[in-house]
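This report refers to the structure that appears directly beneath it.
The values are calculated or read from the model by the stated rules, or taken from the named source; none is laboratory data. In this text the structure is predicted, and so the values were computed from the model without any measurement. Because the Cβ atoms are built from the backbone with ideal geometry, glycine has one as well, and the counts that use them run over all protein chains shown. Areas reflect the complete protein model, heavy atoms only, side chains present, ligands, DNA and RNA absent. Shrake-Rupley method; radii C 1.70, N 1.55, O 1.52, S 1.80 Å.
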Amino acid sequence: MRPPPSDRRRPGRVAGRTGALLAALLLIVGAACSSDASTGAPAGTTLGADQTASTATSTTPPTTATTTTTAPPPRSLSLLTTGDLLLHMPVQRQALAYGGGTYDFTPMFADIADEIAGSDFAICHMEAPLSPDNQGLSGYPMFHSSRDIADAAAAVGFDACSTASNHSLDQGPAGVVATLDQLDRVGLGHAGTNRSAEEAATPRLHDVNGVRLAHLAYTYGTNGIPVPADQPWLVELIDIDTILADAATARAAGAELVVVEMHWGDEYVHLPNATQRAQAAQLLASPDIDVLIGQHVHVVQAAERIGDEYVVYGTGNLLSNQGAPATPTASNDGVLVHVDLTENPDGTWSQAVRYTPTYVERGPFVVRRAAPGSDSYQRTVAALGGLGPGTFDGTPTS
């Protein structure tokens, strides 16, 4: 940096003589001091110690570099949950037709696959046990579903499935094992049934966008089929103290968010019963539980905000052969529930709920988005808000 003129050294005065010689000498000295001619450097350039030209100094203070840091955006994730996957035989026969002799369920989800895959973590509800070899398939009342539904669930973007239901023991302990083996085969997580005591004691943890999320699932019962006394861990049954303890265990294992699914309620009834509401209040009062989602009743049930958290009491049917005339028309309805979770500066999490009403187009058995204004759409919106103004502030996605 060239120093300002006031800071450059000036040549000293020469004492003594006058006359032309002195003037000439002064001209020579002045020329040498102003040009650094021996090096070709511009005037005022500071040279190294081994050079003989004049040097320059500067009193300009050094520039202090200032760096600014931008706080990273808060962590967030979108969770998606659905209603029941209940594969009556007409559904399975249609999958066989789609596959041309093998079972292919993926066309049934084509209309909603983008929404499933677009969430950060998507959970299905696998209500019935899966066959290990696609033999002996059956529908109501003792379900036995094609293993290829697991392949379809993974292909369309689900990340895990809850497996605790009143049909969990339809094929006995072997059915529990086969179901979890098939989900493992396609890389789907699972919660609600177990192959061993060790598996039952291990929290189901998932890394979602750098957030540790725990998934728990429970059922009110198993249609009168007793859980074997020597295998009490086969099916997770609803017991509030047990659920609270499991959630605390998941937190201790590193879970930052805990999602609980409940197979509960009165079939074909849009309003939650007193037991559901009391249990929801108990569970969401715990600091260890963040999101509560229900299945089982085959119609969409009401939703409710309790404190800063949500419970959707019933998500209806995602895929089934239910509906009029055998069951209410509303059992064709389901809902994709999106819970958007964002971390606050104090480490707590804020929630917002969006939802997509769906219905099953029977015959081809394709899950469709319900068009705004359609009967199915209006039923679902009315059902979710059924507990009255101010109880639920979720918004439809379309």
Checklist entry - When both residues are 6+ apart or on different chains and their Cβ atoms are under 9 Å apart, which pairs have a first residue that lies in region 302-317 and is outside any strand (DSSP E or B), and a second that is of a type in the set (Phe, Trp, Tyr)? => result Ala302/Tyr313; Ala302/Phe392; Asp308/Trp349; Tyr313/Trp264; Gly314/Trp264
Next on the checklist: Can you pull out every residue in region 116-140 that is out of contact with any helix residue (DSSP H, G or I) (no Cβ under 9 Å at 6 or more places or on another chain) and within 18 Å of Ala164 (Cβ to Cβ)?
Outcome noted: Ile123, His125, Glu127
Checklist entry - Among the listed residues Gly334, Gly347, Gly316, which satisfies the condition of being open to solvent by 10 Å² or more (accessible area, probe 1.4 Å) and among the small types (Gly, Ala, Ser)? => result Gly347
Next on the checklist: I'd like to know if region 359-367 contains one or more residues that are over 24 Å from Asp104 (Cα atoms) and either among the aliphatic types (A, V, I, L, M) or touching a Lys or Arg at 6+ places or on another chain (Cβ under 6 Å) (or both).
Outcome noted: no
Checklist entry - Taking the stated definitions as given, is Leu130 under 24 Å from Gly294 (Cα atoms) and more than 19 Å from the chain's Cα centre (by Cα)? => result yes
Next on the checklist: Can you confirm whether Arg93 is basic (Lys, Arg), in contact (Cβ under 8 Å) with a residue 24 or more places away in the chain and open to solvent by 60 Å² or more (accessible area, probe 1.4 Å)?
Outcome noted: no
Next on the checklist: Suppose we filter Asp111, Asp181 for residues that are assigned to a helix (DSSP H, G or I) and open to solvent by 50 Å² or more (accessible area, probe 1.4 Å); which single one remains?
Outcome noted: Asp181
Next on the checklist: Kindly evaluate Gly323 against the criterion of being modelled with pLDDT under 95 and more than 16 Å from Gly294 (Cα to Cα).
Outcome noted: no
Next on the checklist: Among the listed residues Gly265, Gly294, identify the single one that is touching a Phe, Trp or Tyr at 6+ places or on another chain (Cβ under 7 Å), surrounded by fewer than 24 Cβ atoms within 10 Å (Cβ to Cβ) and without any contact (Cβ under 8 Å) to a residue 60 or more places away in the chain.
Outcome noted: Gly265
Checklist entry - Got a sec? Which of Ala253, Ala214, Ala247, Ala281 is farther than 30 Å from Gln378 by Cβ, open to solvent by 10 Å² or more (accessible area, probe 1.4 Å) and modelled with pLDDT of 95 or more? => result Ala253
Next on the checklist: So, in region 147-166, how many residues would count as being in contact with a strand residue (DSSP E or B) (Cβ under 9 Å, 6 or more places away or on another chain) and open to solvent by less than 30 Å² (accessible area, probe 1.4 Å)?
Outcome noted: 13
Next on the checklist: Could you list, ordered by first residue, the pairs with Cβ atoms under 6 Å in which the first is in region 366-382 and assigned to a strand (DSSP E or B) and the second is surrounded by fewer than 14 Cβ atoms within 10 Å (Cβ to Cβ), at least 6 apart or interchain?
Outcome noted: Arg368/Glu361
Checklist outcome for this item: The number of residues in region 198-229 that are part of a loop (DSSP other than H, G, I, E, B) and over 12 Å from Ala160 (Cβ atoms) is 14
Next on the checklist: If I filter region 184-197 down to residues being within 15 Å of Leu237 (Cα to Cα) and either of a type in the set (A, V, I, L, M) or part of a helix (DSSP H, G or I) (or both), which single residue comes out as least open to solvent (accessible area, probe 1.4 Å)?
Outcome noted: Ala191
Checklist entry - Does Pro272 qualify as being crowded, with 23+ Cβ neighbours inside 10 Å and either of a type in the set (S, T, N, Q) or part of a loop (DSSP other than H, G, I, E, B) (or both)? => result yes
